[in-house]
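In what follows, a single structure is set out as structure tokens and then discussed.
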Amino acid sequence: MSFYLSAAHKSSGKTVVSLGICGALKAKNFNVQPFKKGPDYIDPIWLSQASGNSCYNLDFYNMTKEEILELYGNNNSNSDVSIIEGNKGLYDGMNVAGGDANADMAKLLNIPVVLVVDTTGITRGVAPLVKGYQDFDEHVTIAGIILNKVAGERHESKLIQAIEHYTDLDIIGSIRRSNELIIDERHLGLMPANETPQSQKFIDTASRLINDQVDLNKLINLSSANSTSISKPSLSVTTHLNIAIAKDSSFGFYYQDDLDKFNELGVNICYFDTIHDAALPDCDGLFIGGGFPEMQLKALSGNQSLINDIRNKIIAGLPAYAECGGLMYLTNKILTDEGEYPMVGIIDADTQMTPKPIGRGYVQLAPLADHPWNNVASKIKAHEFHYSKLENIDPNTRYAFEVLRGVGVDNKRDGIVKYNLLASYTHLRTLAGNQWVTQFVDFINTIKDKRL
């Protein structure tokens, strides 16, 4: 059974509703598989924790329709319930004629939509709103409505009367406005669950409130049947490497299908904590993904033992890859309004935090001659989200990418290359058009063979 949870517009509270539904169904012993549309790390961290299953991203920008259907089919078929959480509003997208919106994803997957409606400041007007969404595209099946942020019984009564009088839409739930359903937000959206010690407590609270205020039986009954199982590819073990990956309250932005690809290739992933571990685990390669290191600067900077170990091993030739937060961590220092904090110092530049986004959205890159990996695609579709920029960059810095769309390091280039390190503001994802995990693993093997 599957359904697509979307909203009339962004910030309608659909992520809290999604993770509350995941948690409530999990508590009833359903095997829940979450998906998230678009290039997002934070919501999938929450959804993974709430459901107990890794969340996968579905993205029209860098995935073909065949890839979307395959990823969805591979991970949906063994679940009891699959929940796809949309981004933005149901019909919002880059193309005015559609083709990349949540509605298009629901049509591609052939599943019904449950529309979350933020009812703040609206009563009878909810009827033309939801009827307009229902009639806008006859090929989209809006199977039900979840009213969110309802002020009280009187408000709820007016909303329900209006919807029932003017539409034939089912009301699946009515969720009262509550401070217990507010997650702290930051510039990229919700605060990541890996940063929040009380995340499980919040999920438990949201699950309890959703269980009380959403008709889960009706939700399950309106869901479409799961699609036919697609056989998963067999393991294609090509290596026996140990790769250290930073995973803690500072760094946690990883696509699950990237991690799956490492495992498929036979890589043993060794997770480490940049705040508490004194040294890297025994490894052949290093991967530091994105996150919010600016929220842990004192602790990160204070762990000199690990900083020295990382610096020395990269100088000694350890193959390494870093994205966004990882790039920032490897610079000389991170500067904020509160002060400056020394970092690893492999990249000869300083990171300056900024109040507004420097790069935010989809990216397209072309490899340059200094790119250290082999078989890199001629054009790479990816994304970036950073509220920082690099300053005092060594003028002799080498770069791996020309930026065709986006910002990168300096609006023209991205991917700093030094020793056997590639560090970029861009977040890559391993797909048919960009097999970066395989390229990185091959690079590690090449370096290892040369040493032997």
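All but one of (1) under 23 Å from Asn445 (Cβ atoms); (2) touching a residue at least 24 places away in the same chain (Cβ under 8 Å); (3) of a type outside the set (D, E, K, R) hold for Asn312; which doesn't?
If we test Asn312 against (1) under 23 Å from Asn445 (Cβ atoms); (2) touching a residue at least 24 places away in the same chain (Cβ under 8 Å); (3) of a type outside the set (D, E, K, R), just (2) comes out false.
Restricting the range 217-251 to residues that are modelled with pLDDT under 95 and not in a loop (DSSP other than H, G, I, E, B), which is surrounded by the fewest Cβ atoms within 10 Å (Cβ to Cβ)?
Only one residue fits best here, namely Asn217.
Given the conditions (1) touching a helix residue (DSSP H, G or I) at 6+ places or on another chain (Cβ under 6 Å); (2) among the aliphatic types (A, V, I, L, M); (3) part of a loop (DSSP other than H, G, I, E, B), and given that Met94 satisfies all but one, which numbered condition is not satisfied?
With (1) touching a helix residue (DSSP H, G or I) at 6+ places or on another chain (Cβ under 6 Å); (2) among the aliphatic types (A, V, I, L, M); (3) part of a loop (DSSP other than H, G, I, E, B) applied to Met94, the lone miss is (1).
Counting only residues that are aromatic (Phe, Trp, Tyr) and buried (at least 20 other Cβ atoms within 10 Å of the Cβ), give me the strands (runs of 3 or more DSSP E) lying completely in the range 290-379 with at least 1 of them.
Result: 320-323.
Of everything in the range 148-185 that's among the basic types (Lys, Arg) and assigned to a helix (DSSP H, G or I), which residue is nearest to Leu129 (Cα to Cα)?
Restricting to residues being among the basic types (Lys, Arg) and assigned to a helix (DSSP H, G or I), the top hit is Lys158.
Looking at the range 1-36 only, could you name the residues that are in a helix (DSSP H, G or I) and in contact with a Phe, Trp or Tyr (Cβ under 7 Å, 6 or more places away or on another chain)?
Thr15, Leu19
Could you please find all residues in the range 99-110 being touching a residue at least 24 places away in the same chain (Cβ under 8 Å) and either closer than 17 Å to Thr141 by Cβ or of a type outside the set (Asp, Glu) (or both)?
Gly99, Asn102, Ala103, Asp104, Met105, Ala106, Lys107, Leu108, Leu109, Asn110
The values are calculated or read from the model by the stated rules, or taken from the named source; none is laboratory data. Fair warning: this is a prediction, and the values are worked out from it, not measured in the lab. Ideal geometry is used to build each Cβ from the backbone, glycine not excepted, and the neighbour counts take in all protein chains shown.
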